[in-house]
Amino acid sequence: MRGIGRSSWARGVVLATLVVGAVAAGCSSQSSSPVGPAPNDEDSPWPRHFPEDDSAAPSPTSRPPTPSSGLLPQFGRTVIQADAPPPLSGGTLLVTEDGVAVAADPDRDQVYVVTLSDRTVKKVFLGKHDEPGRVVVDDAGRAHVVLRRGGAVATIDIATGTLLARRDVCPAPRGIAFDKNRSRLLVACADGQVAALPPAPDGAKVAFTTLERDLRDVVVLGDRIFVSQFRSAKIFELTTEGVLQASIAVVDDPMVEATLAWRMISPSAAAPVDASTGDDTTLPVVLHQLASRAPLSTSPGGYGGNGSPGGGDVDGCQIHKSTTSMLRAASDRTYLLPTNVVLPVDVAKVKAGYAVVAAGNGHTPGLAQVYVIASDRKSIEDGVCNLPIPVEITGQATSVAAYQDSFVVQSREPASLVIPPTNLVIPLDDTSREDTGHAIFHSNSGAGLACASCHGEGGDDGHVWDFDKIGTRRTPSMHGTLAGTAPYHWNGEESDLGRLTDDVMTGRMSGPVLAQDQKNALQSWLFALPAPAKSGILDDLAVARGKSLFQDSNVGCSTCHSGAQFTNSMTVDVGTGGAFQVPPLVGVGARAPFLHDGCATTLRDRFGACGGGDFHGHTSSLTDTQIGDLIAYLESL
């Protein structure tokens, strides 16, 4: 079986050299410019987006400067949208070789077809809450857009800007690719399905394969198909028939875990086969985060700031205490990104190298939202961590695509396209979707991370953190789980979201002190987060049998897991190591690992050794088949 050799992806030895001292130390031993220029940037065409003199930057209020930037987000007048905008996901922009941009707008449920040369804009209107996402084009001049909440693929004629078809594909499509050699679209779904669709608008869906949940992007490279997983940043390699060839971890290191693979794209050109190992190094580009496995402090400032430099001759490399961004480029190049690259939601291969969107900086004057990694920059394989070039853009960047010698950036607010280095702005729509709660959740706190750095797209990163005075705790999901479930946190120590915000965002994340109206806005936005879409590949009979078991008083699941969110909001000792909040079970099947310390890798493991036995429901007498039925029901919630 042909797979990807460890040498091609999981550069654990080199990364460990950089990371071990940095992350384990959990403190900063050197200061840095917030987005300091890389060496020899004097001739760069890209304008700066930060003041050369820190005294010219907005003065932080209420808190001292933080190690990563010293700049705090500015939220302006508090606004609460009656229809809350969706979480940031990025990757909604494509530019054709003819200079036509196709931009999906999940905030306004529209797609824009824009001729960049003359700035003409055609709008394609979709259904409310369709939430258009990834875009591809086929060889017949059609754009295909996944509708993340609409459960479909929209096909658009680029020449006329008209909607040709809307085809149901799965409950929550995420990624899409055009397989030119076989003339088909491949769609990756959050429930683990990978579907095939003919590009012609009258073509019907064909089942391709089923993988694990939480699929994200699809990349086709000749006869090799790659599918990414969002929270784990794992990559699956498939044959053209959909047979799994390899499951790859992009990082193999004891001190960090790869999380939140925001974007996976095709490289711009094929790379050669490594003659010494036989490994084909033609690989996708993966933009993801790293989460620390080292102890993390819950004291003020404990989540933010830089770790120590990694030793050796590493120049300019800094590791964040909790989350760090990484770009795994094709053919053996890996870049650790500055701590101010917060929410790296998109990347594009551009003429200058790689352009990365840091969407978390959209509300912080003085921090760049786009960074360019020059093609000739050395990477951590060379023992060097060079800082990329910050690029000035207007608006709130969410996506980027190559265009001629530069690139195009999509802004969500205002809805527009921006073309550096002149920053030509092409307006797309004048309807504002600014929402203060949305802004707070996605903003760089000032210490190099946002709420969404761990709660990606309002969910979770699947990571188990080691807190110095608490122990191991997995990141909880926020998808449909917050309204009516106070108190919060694992032990129920946070009485409401306002107190949690003071403790975590303002305190541990070194963020701004929020006024009450801002806390209200954040709560309004968080409470509006929908539950994950239900899986479309469950056995309905097994789900029905599992529901009966769940509600059986002799089994006892519904004693604590009751109500709309399946929790009584009590703090209970169920034999798992202490008294913990009864977690809501809405969307539980989509958020492995399970239990407060993540000891259960799968839902079946929850009924094993670490699940508390009969203190945690009376399940020891159930057969394997009954446990399977109960799991099917849990997967359906």
Next on the checklist: Once you place label points 7 Å from the Cα toward the Cβ at Asn491 and Ser268, how far apart are they in nm?
Outcome noted: 5.3
Checklist entry - Between Val572 and residues 5 or more places away or on another chain, which pairs have amide H atoms under 5 Å apart, with H built 1.01 Å from N, and which residues are they? => result Phe580, Gln581, Val582
Item to check | Charge context of Gln626, other residues only, Cβ under 11 angstrom, K/R +1, D/E -1 | outcome: -2
Checklist outcome for this item: Once amide hydrogens are built 1.01 Å from N within the peptide plane, the residues lying 5 or more places from Ser562 or on another chain with amide H under 5 Å from its amide H are Thr567, Asn568
Next on the checklist: Within the range 137-152, name every residue whose backbone N is under 20 Å away from a label modeled 7 Å from Cα of Ser183 along the Cβ vector.
Outcome noted: 137-145
Next on the checklist: Check which residues have an amide H placed less than 5 Å from Lys234's amide H, if you skip close sequence neighbours.
Outcome noted: Gln229
Checklist entry - Ranked by accessible surface with a 1.4 Å probe, highest first, in what order do Trp465, Trp490 come? => result Trp490, Trp465
Item to check | Phi to ³J(HN,Hα) by Karplus 6.51 cos²θ - 1.76 cosθ + 1.60 over the range 437-450, Hz, x for Gly, Pro | outcome: x, 4, 5, 4, 4, 9, 8, 3, 5, x, 10, x, 7, 10
Checklist entry - When ligands, DNA and RNA are left out and all protein chains stay put, how many square angstrom of accessible area per residue does the range 475-613 have with a 1.4 Å probe? => result 43
Item to check | Per residue, in Å², the accessible surface of the range 102-143 once ligands and nucleic acids are set aside, probe 1.4 Å | outcome: 36
Item to check | Per-residue HN-Hα couplings for the range 520-532 [Karplus 6.51, -1.76, 1.60; θ = phi - 60°; Hz; x = Gly/Pro] | outcome: 4, 5, 5, 4, 4, 5, 5, 5, 7, 4, x, 5, x
Checklist entry - What number comes out for the charge environment of Thr298, summing +1 per Lys or Arg and -1 per Asp or Glu over other residues with Cβ under 9 Å away? => result 0
Next on the checklist: Give me the percent of accessible area attributable to carbon and sulfur for the range 480-637, probe 1.4 angstrom.
Outcome noted: 54
Checklist entry - Label His129 and Val206 with points 7 Å out from Cα along Cα→Cβ: what is the distance between them in nm? => result 3.4
Item to check | Portion, in percent, of the accessible area of the range 122-173 that falls on carbon or sulfur, probe 1.4 Å | outcome: 52
Checklist outcome for this item: For the range 461-477, in residue order, the Karplus 3J(HN,Hα) values (coefficients 6.51, -1.76, 1.60; θ = phi - 60°; whole Hz; Gly and Pro = x) are 9, x, 8, 9, 8, 10, 8, 4, 10, 10, x, 7, 9, 8, 5, x, 7
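The values are calculated or read from the model by the stated rules, or taken from the named source; none is laboratory data. Note that the structure is predicted; figures quoted are calculated from it, not measured. So basically every Cβ, Gly included, is an ideal-geometry build from the backbone, and we count neighbours across all protein chains shown. Just the protein is used for accessible areas: all its heavy atoms, side chains included, with ligands, DNA and RNA removed. Shrake-Rupley method; radii C 1.70, N 1.55, O 1.52, S 1.80 Å.
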